[in-house]
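Participant: Dumping the structure here so I can ask a few things about it.
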Amino acid sequence: MNTKPFTSGLGENAVLITRVADRQWHALDDDLVVGRAHAQHRPDGRLFVSIDAWHDVAFDRLAEAMLAELPSPLYTLVDEADVELTAGWRRAGFTIRRREWEYVVPTDPRVTGLDDVLPPPGVTIVPAGQVDESLLRAVDRAIRDEVEATVGWQSMPAEVVPRPEGDTIVDPSKYAVAAAPDRYLGLIRVVRVKRPRIGLVAVRAGEQRRGVARALLAHALGTLHHSGATAAWAEVQESNQAASALFEGIGARPMSSNLELVR
């Protein structure tokens, strides 16, 4: 395997940084691995970096080696409660770009107050697994274009699921939609891996403030409740007051926060 040493320190305290693969580095202290770092492109094209190190010296040397080889800008995502990790990235020249709140969302309609919620007149909810893929891709593209033209899609929670280049719909079976007779007006994506996660709730700009998003949430959370899930999770950017109000209005509680840093 091709390696590239990057040394720092003196005597017995020398830390050796070795590139063990493309965009992967190890920190060695007397042949013991004391830190690992890697970089990966997210689906939106941005390059995210991460470091897991035993101590500050290893972290700083790994960051120094990575920054010497990788192009800017670079991004990373950290749990805001992890003060030491945040401080490490700040030492490397990263600054806070935005904050995401992670909400725990109840599914019981008696708690959410969504048991009597219906979609607006002329709108129906098409369950996941029954969606027309071409209409789904059309509404996804339209919404992304609208967001990109205003606040920018990078203001949305980071998308981490790998997907083919140019394809923003990873698995159509994960989506439910709000449908008019001739087109889809909005969508919701729920992924169930370790726990149910609401990855996206979005409505066409011209159809907002009609209760479409609330109806999509009522459907998705009701489906989860009937399947036995008591809660779901969702990430909301701190500046997205409409989304925060939507989730908090159904009893969702912020449980933690993540910081997106950039250099």
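Participant: Look at segment 34-71 and say how many of its residues are open to solvent by 40 Å² or more (accessible area, probe 1.4 Å), over 16 Å from E260 (Cα atoms) and free of Cβ contacts under 8 Å to residues at least 40 places away in the same chain.
Facilitator: Narrowing segment 34-71 to residues open to solvent by 40 Å² or more (accessible area, probe 1.4 Å): 36, 38, 40-42, 44-45, 50, 52, 54-57, 60-61, 64, 67-69, 71.
Narrowing further to those that are over 16 Å from E260 (Cα atoms): 36, 38, 52, 54-57, 60-61, 64, 67-69, 71.
When the remaining residues are screened for being free of Cβ contacts under 8 Å to residues at least 40 places away in the same chain, the result is 36, 38, 52, 54-56, 60, 71.
Residues meeting the conditions: 8.
Participant: So which residues in segment 201-228 are out of contact with any helix residue (DSSP H, G or I) (no Cβ under 9 Å at 6 or more places or on another chain) and among the aliphatic types (A, V, I, L, M), if there are any at all?
Facilitator: Within segment 201-228, V212, A215, L216, A220, L224 qualify.
Participant: Scan segment 81-107 for residues that are open to solvent by less than 60 Å² (accessible area, probe 1.4 Å), out of contact with any strand residue (DSSP E or B) (no Cβ under 8 Å at 6 or more places or on another chain) and either free of Cβ contacts under 8 Å to residues at least 60 places away in the same chain or among the basic types (K, R) (or both) and jot them down.
Facilitator: Once the filter is applied, which keeps residues that are open to solvent by less than 60 Å² (accessible area, probe 1.4 Å), out of contact with any strand residue (DSSP E or B) (no Cβ under 8 Å at 6 or more places or on another chain) and either free of Cβ contacts under 8 Å to residues at least 60 places away in the same chain or among the basic types (K, R) (or both), segment 81-107 yields only A87.
Participant: Could you look through segment 205-263, keep only residues that are hydroxyl-bearing (S, T, Y) and within 24 Å of P127 (Cα to Cα), and pick out the one that is surrounded by the fewest Cβ atoms within 10 Å (Cβ to Cβ)?
Facilitator: Applying the first criterion (hydroxyl-bearing (S, T, Y)) to segment 205-263 yields 223, 227, 230, 239, 244, 256-257.
Pick out the ones that are also within 24 Å of P127 (Cα to Cα) and you get 223, 227, 230.
Working: T223: 16, S227: 10, T230: 12.
Checking each candidate, the answer is S227.
Participant: For residues in segment 14-31 being outside any loop (DSSP other than H, G, I, E, B) and small (G, A, S), which is modelled with the highest pLDDT?
Facilitator: A27
Participant: Here's a follow-up. Given (1) at pLDDT below 95; (2) within 24 Å of S244 (Cβ to Cβ); (3) under 18 Å from the mean Cα position of the chain (by Cα); (4) surrounded by fewer than 18 Cβ atoms within 10 Å (Cβ to Cβ), identify the lone condition not met by V78.
Facilitator: All conditions are met except number (4).
Participant: Testing A176 on (1) out of contact with any His (no Cβ under 9 Å at 6 or more places or on another chain); (2) at pLDDT 85 or above; (3) outside any loop (DSSP other than H, G, I, E, B); (4) not aromatic (F, W, Y), one condition comes back false. Which one is that?
Facilitator: Here A176 meets the rest and fails (1).
The values are calculated or read from the model by the stated rules, or taken from the named source; none is laboratory data. Predicted model only: the values in this text are computed from it and were never measured. Note that each Cβ is placed from the backbone with ideal geometry, even for glycine, and that neighbours are counted across all protein chains shown. For the accessible areas, the whole protein counts, side chains as well, though only heavy atoms, and no ligand, DNA or RNA atoms are used. Shrake-Rupley method; radii C 1.70, N 1.55, O 1.52, S 1.80 Å.
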